[in-house]
1. Apply the Debye scattering formula to chain A, with a single equal point scatterer on each alpha-carbon and no solvent, then give log10 I(q)/I(0) at q = 0.07, 0.11, 0.13 Å⁻¹.
2. Tell me whether region A:1-150 comes out rounded, prolate or oblate; compute the Cα gyration tensor, take square roots of the eigenvalues as a ≥ b ≥ c, and use a/c under 1.5 as the rounded threshold.
3. For B:162, B:95, A:188, what's the fewest-to-most ordering of other Cβ within 10 Å of each Cβ?
4. Counting partner chain Cβ atoms within 10 Å of every residue's Cβ in B:224-231, what's the average?
5. Quick check on the protein assembly as shown: helices-only [θ] at 222 nm, where DSSP H runs of length 4 and up contribute -39,500 (n - 2.57) each and the sum goes over total residues. Nearest 500, please.
6. What ranking of B:157, B:206 emerges when the number of other C-beta atoms within 10 Å of each C-beta is taken as an exposure proxy, fewest first?
7. Above 14 angstrom, tally the Cα pairs of region B:77-145 and express them as a % of all pairs, no decimals.
8. Just checking the output field for B:180-191: average partner chain Cβ neighbours within 10 Å of each residue's Cβ?
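What follows is calculated from the coordinates using simple rules that are stated; it is not laboratory data. Here the structure is a predicted model, which is why all the values come from computation and not from measurement. Because the Cβ atoms are built from the backbone with ideal geometry, glycine has one as well, and the counts that use them run over all protein chains shown.
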């Protein structure tokens, strides 16, 4: 009986690991398909392309104006990272240190844009931005992308602020530091690891943010992921390998930043927002 | 913070000091820019869209809504979306529990969690493009099926393709969330049960599941809301004029193909209402099933 039970448990464990392996294997094969296709000359009715070449990257660079798209992407992402840090970190500090009436409502207001999916609020938001003549250009794209990232920075930074001993701030105040100098000389250096982690996650999320950029971008303000969408949507107009070359450029841009981000954050934090600091 | 509260009655204090008693001072004001931003670009557009949806291009104030619910091309998108979102959510959350139970005892957990963060980071557009080739008639997946004697299966440009992309992009998210809830449960609770002779199944049903209920309910809500707003993969990988014509496609077409922002707002509101409805249902169901301690011993 005892032996039988452990056999059933072993089979169950094997089944679960098989599932995980199957999932990872298929995902890896999917990514590999994109990479192989972007490097192949002609791939038809075979396991691998007939020969390998790098020329699709050159043609993708010209056809999709990848240079301009990459510049726009980094301008948008840079502005979003900077502004969400400037707006989010002070707000996180205020919310972590003060218990004013209505604080729960304010926190709920910051939670909503993160919980409600961009598709749902994206269309009314784009309508308002177009009415304010901010739609279809870079400032509209930046503003729309800030909607989920500012609350994200606020909520990620709050536990980091709570970890700092308030007596450190009190000491700085006693020596005559105003709020500005307190921030520059005491809080920002102490919060640097948290700020770095939060902003790197904002960066990765903004590169991959499709919906909000898609709704607000005009012809000159498309980011890489939106350009990729249009290319796949109009598949057949360009060579498939060329589209995949762009997909590889997108993957490399995203994953390079993800690797940097993962040096500073635990992967589970990407979904759970640094809430478990206190538990450990 | 450093302001001393004087013994004088509150009415005689200057306004500044009275506000400070409620923790409203210069530091509190630092939250104002971010708050104003969210109000201006999230709350206001939502309210604006709500009001706009009752000002249709033509007809009475409810014309958009009555048009939506009388045109099968529009109202059937709700069913199409639920047919994708509900199974995908249930599959992802249900599978995530046993997998997280195993992985939680793994030593190199971080390797797996890192691998699973990649699909989340790459996003649905890239997954759609990748699956189009990988699952396509000439792709490796179908080649393996043919080799195994199963024969070619049509997996793209239909319901299956979108479902598979929802699992591929959604499962890592639900799994990491379940894992973080599970690792937040104090292991000594389970050890105590084991000492008292509870077998693995009994420990799961009587200890872990009640503690996990809150987390699973939130997980169900978050993954449902995300799968319900599927857009790129439904267009690229599905049949956007047929089985996978989801509600977000209808909203997009109203806004960017018919330039009817009033109708588009109405569809966005209907989409938001459907999501809210299911979230309320899940949360109500949770408090109906388990009335125990809400937290999992988490910090």
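1. -0.38, -0.81, -1.00
2. Values: a/c = 3.05, a/b = 1.20, b/c = 2.55.
Because a/c hits 1.5 or more and a/b fails to exceed b/c, region A:1-150 counts as oblate.
3. Fewest-to-most ranking of B:162, B:95, A:188: A:188, B:95, B:162.
4. That average works out to 4.
5. Details: 27 runs with 408 residues, N = 579.
Rounded to the nearest 500, the figure is -23000 deg cm²/dmol.
6. Values: B:157 19, B:206 11.
If I rank by nearby Cβ atoms, fewest first, I get B:206, B:157.
7. Details: 1777 of 2346 pairs.
Every Cα pair in region B:77-145 considered, those over 14 Å come to 76 percent.
8. Values: counts 9, 2, 0, 4, 5, 0, 1, 0, 0, 0, 0, 0.
Across B:180-191, the average partner-chain Cβ count within 10 Å equals 2.
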